[in-house]
Amino acid sequence: MKRIKRFIWDVLLYLSGLVSPQLVTTLRFRMITGRFMDWKHPRDINEKIQWLKFYGDTSQWPRLADKYAVREYVKEKGLADILVPFIGKWDRAEDIGWEALPNQFVMKTNHGSADALICKDKTALDTACYTQFFARQLKSKLGPKTGEPHYDKIDPCIVAEELLDATKQDYPSTSPIDYKIWCFDGKPSYFFVCLNRTKDACEVATYDTDWNFYPQYIKRADHYIPCTNPLPRPKNLEQMLSIAHRLSEGFPCVRVDLYEIGGKVFFGEMTFTPASGNNSFYPQEFLNILGDLCNIEGHA
């Protein structure tokens, strides 16, 4: 019965999103946070992200949220050396040249979320199955589901990059440690760190830019599990902060995601609507702190 109710609710949300992205945003915000969205006086970071979606300048969001097009932006900023080595791009799933791919790689759509294929052994891969999977993903629209209309302005494609080696890190993790940096008008402020990521769970932690650990600024939610042990300070912390500053200048709020593998920094992606503006893994105190850092005046 619970599955049926969730399915019906998801359908209603999707249909609401087709009618009005702002309507589905309001409904999802109420469902996830338990509060009504204050469109006139947004306070915390969730409310301000929602406000920026519909009243802010989002002209650059489709390009920079595009996991393929953003590579050119990173190059324009003089940071080509932090890009993960590129393998290929395809506009149709049927055109993927599986036989030419290396044994290990990461494949994803440029407009999707949580749809990456992490291939560690191509010989064990059901390529026919994944061809069908990516054909479906190319047709999927994230905007109506989550109230993020800028994703629907992205021309969908499939991209493949080299697989980063998680064993070449200073701290043991089953996946590359994701250093997600909250930035406000070019100022990096806090890290949301993800590690030991699986399909069903992920350990997470909060740090400031001096690498002070804030276990009180994270809580259990969905598949996020608070990390109880402090991580070592990244060797390239200052470089990470410099990169985040350069990429985030001019935007009232954006999260810049980076990796540190083998002593080198790599670019992940830029996210303007983290958790689609429903960050449920933060306590209200920290949501307010981030909200105070986000100045939305002058960005309409």
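The values are calculated or read from the model by the stated rules, or taken from the named source; none is laboratory data. Only a predicted model underlies this, so the values are computations on that prediction, with no experimental measurement involved. Note: ideal-geometry Cβ built from the backbone for every residue, glycine included; neighbour counts use all protein chains shown. Heavy atoms of the whole protein, side chains included, go into the accessibility calculation; ligands, DNA and RNA do not. Shrake-Rupley method; radii C 1.70, N 1.55, O 1.52, S 1.80 Å.
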Sorted by chain and then number, the residues having a modelled amide H within less than 5 Å of the amide H of GLU269, at least 5 places away or on another chain, are ASP257
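Relative contact order, percent, of segment 37-137 when contacts are C-alpha pairs under 8 Å separated by at least 6 residues?
Computed value for segment 37-137: 19 percent relative contact order.
Before rounding to the nearest 500, sum -39500 (n - 2.57) across all DSSP H runs of length at least 4 in the chain and divide by the residue total; then give [θ] at 222 nm in deg cm²/dmol. Each step should come with its number before you reach the end.
Details: 9 runs with 93 residues, N = 300.
Per the formula, -9000 deg cm²/dmol.
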Expected vector for segment 107-124, Karplus 3J(HN,Hα) from phi with 6.51, -1.76, 1.60 and θ = phi - 60°, integer Hz, x for Gly and Pro, equals 10, 7, 8, 7, 10, x, 9, 6, 10, 6, 9, 9, 9, 9, 7, 5, 5, 9
Of the residues LEU117, LEU164, LEU52, which exhibits the maximal mean-square fluctuation in a Gaussian network model of the chain defined by a 10 Å Cα contact cut-off? LEU117
For segment 164-208, what is the percent of antiparallel DSSP beta bridges, rounded to the nearest 5? 100
Could you point to the label whose value was computed as semi-axes √(5λ) of the Cα gyration tensor in Å for the structure here, given [x] 54, 23, 22; [y] 28, 25, 20; [z] 32, 23, 17? [y]
Fluctuation leader among HIS41, HIS111, HIS150 - the chain, Gaussian network, Cα springs under 10 angstrom: HIS41
Heavy atoms of LYS120: accessible area, 1.4 Å probe, square angstrom to 10: 120
Hey, can you grab everything whose amide H is under 5 Å from the amide H of LEU117? Only 5+ residues off in sequence or another chain; H modelled, so Pro and N-termini drop out. MET107, LYS108
For segment 79-86, in residue order, the Karplus 3J(HN,Hα) values (coefficients 6.51, -1.76, 1.60; θ = phi - 60°; whole Hz; Gly and Pro = x) are 10, 4, 6, 9, 6, 5, x, 8
Please find, in a Gaussian network model of the chain (springs between Cα atoms separated by less than 10 Å), the residue of ASP152, ASP115, ASP200 whose mean-square fluctuation is greatest. ASP200
Per residue, how much accessible surface does segment 157-252 expose to a 1.4 Å probe? Answer in Å², no decimals. 46
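Take the Cβ-Cβ distance between ARG233 and SER113 as r, set R0 to 35 Å, and report the resulting FRET efficiency rounded to the nearest 0.05.
Working: r = 29 Å, r/R0 = 0.84.
For ARG233 and SER113, the calculated efficiency is 0.75.
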Note, segment 36-52: 3J(HN,Hα) by Karplus (6.51, -1.76, 1.60, θ = phi - 60°), whole Hz, Gly/Pro = x, goes 8, 5, 9, 5, 7, 9, x, 10, 7, 5, 4, 5, 6, 4, 4, 4, 5
For CYS119, what accessible surface area do you get with a 1.4 Å probe? Give it in Å², rounded to 10. 0
How big is the antiparallel share of DSSP beta bridges in the chain, given as a percent to the nearest 5? 95
